[in-house]
Each structure stands twice: as structure tokens, then as C-alpha cells.
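Structure below; questions to follow.
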Amino acid sequence: VGVRHQRAQTERWAAWARQRGVMLSGAYPMLQVTGTLHGLGIQMVTHRFSHGHGRRRRTSYKHEVIATPQVHLGDLTLSRDGFFASVGKVFGGQDIQIGDAAFDAAFVVRSTNEHAARAVLTPAVRVALLGAQQALGDVYVEAGGVRTMRTGAPNPDTIDPVLDAVARVAQSFGQ
């Protein structure tokens, strides 16, 4: 990525952040956004990954969008049900079944407090999570936040719907 391109992208992100009243740090493509959006704490963090060695070395980027619900989620973790979750179940990983067929098929729910997990995963939360998963492809709850990971460097032209979808899920907790 050329220096001019990096500067132009950083300025685009700075304008985006000013317009939304959030803080921007770093320079494109390694950006971090923090602030409040829709009444919730939000973050966007860019991760850099290097692959290969020498002349075959390649760098790729992912950006993670996080919205923090206003209610405490304890140790609740929720991830997409897939191959690795199935392998975990074979080796003793426990999944809390909520009793909602569509939700249970889509997500793996873990918590040391099953009662608390069931209490926060209300019908409104489950609908919001399923909708966000359909819109974004991968939504998860971890470390007290609703998260999604996107491939590539972040783009100010396409990040708003991602932030909105994650924020809608976070807002649904506690309703």
C-alpha cells in the first residue's frame, strides 16, 4: 500500500470518525476506533497477519467490530456452530441448549452459569443474534461484547451497517 493511499485512507477514516463523534487512532490500515454509538461502547480493531517467509511473505488484515451491552454477560460465550464446535463437543465441550431449534442449530452457547445464560438469551436477543448472523455471516459473544470479524482492511464506506448490526444485538440484551 503506497504512502499517498495510506494518507488518503487515514483522512477518510478521520472524517468518518469526526462525523460520528468517535475516537480514531493509528494510521490506515492499522486503525482503532473507540467511542459510543447508539448509546453503547463500540470498538473497531484491525489485526495484521503475516504468512510465509522471504519473498513469499504476504500480509493480510482483519478488523474486529465490538459492541458492549449495558448488562453484564458474565462468562457467556456464544459462537457459530460449525466443524470445530462439533469436534469440541466430541471431546467433552458442553453446549447449553436453549430450546429454540433455529438458535440451537446456529450457535454454541457456553457458560459456567446455565441459569444466567438462559436469562440473558431472551427471545429478542436470539432473534437479533440470528438476524445479525444472517446479515454478517459470523457474530459471536465473548469477553462481555458482541463481536464480528471481517476480512480485509476496514473501509469507512461499508463499516456502518456492520456497526449497526452488532449494536442492535448488544442493545437487545437487557430489553
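The values are calculated or read from the model by the stated rules, or taken from the named source; none is laboratory data. What you see is a predicted model; the values in this text were computed from it and never measured. Ideal geometry is used to build each Cβ from the backbone, glycine not excepted, and the neighbour counts take in all protein chains shown. Keep in mind that these areas ignore ligands, DNA and RNA; they rest on the heavy atoms of the full protein, side chains included. Shrake-Rupley method; radii C 1.70, N 1.55, O 1.52, S 1.80 Å.
Please give the solvent-accessible surface of Ile66 in Å², to the nearest 10, using a probe radius of 1.4 Å with every protein chain present.
Accessible area of Ile66: about 10 Å².
So how tilted is helix 123-136 from the main axis of the chain? Cα-based, degrees 0 to 90, rounded to 10.
In the chain, helix 123-136 runs at an angle near 40 degrees to the longest axis.
Tell me, what does the Kirkwood hydrodynamic radius of the range 87-175 come to in angstroms if you use every pair of distinct C-alpha atoms?
Kirkwood radius, the range 87-175: 14.1 Å.
Using only protein heavy atoms and a 1.4 Å probe, report how much of Leu121 is accessible, in Å² to the nearest 10.
Here the residue's solvent-accessible area equals roughly 0 Å².
Considering the dipole of the chain built from charges on the beta carbon (Lys and Arg +1, Asp and Glu -1) around the Cα centre, which of Ser172, Leu73, Ala17 is farthest to its positive end?
Ala17
Further, regarding this structure: Using only the alpha-carbon atoms, how far is helix 3-20 inclined from the longest principal axis of the chain? Give it as 0 to 90 degrees, nearest 10.
Taking the Cα atoms of the chain, the angle to 3-20 is about 50 degrees.
Here are several values of percent of Cα pairs over 25 Å apart: (i) 40; (ii) 58; (iii) 36. Which one was derived from the coordinates shown?
Answer by label: (i).
Would you calculate the separation in nanometres between label points at Arg12 and Arg48, each defined as 7 Å from the Cα along the Cα-to-beta-carbon direction?
1.9 nm
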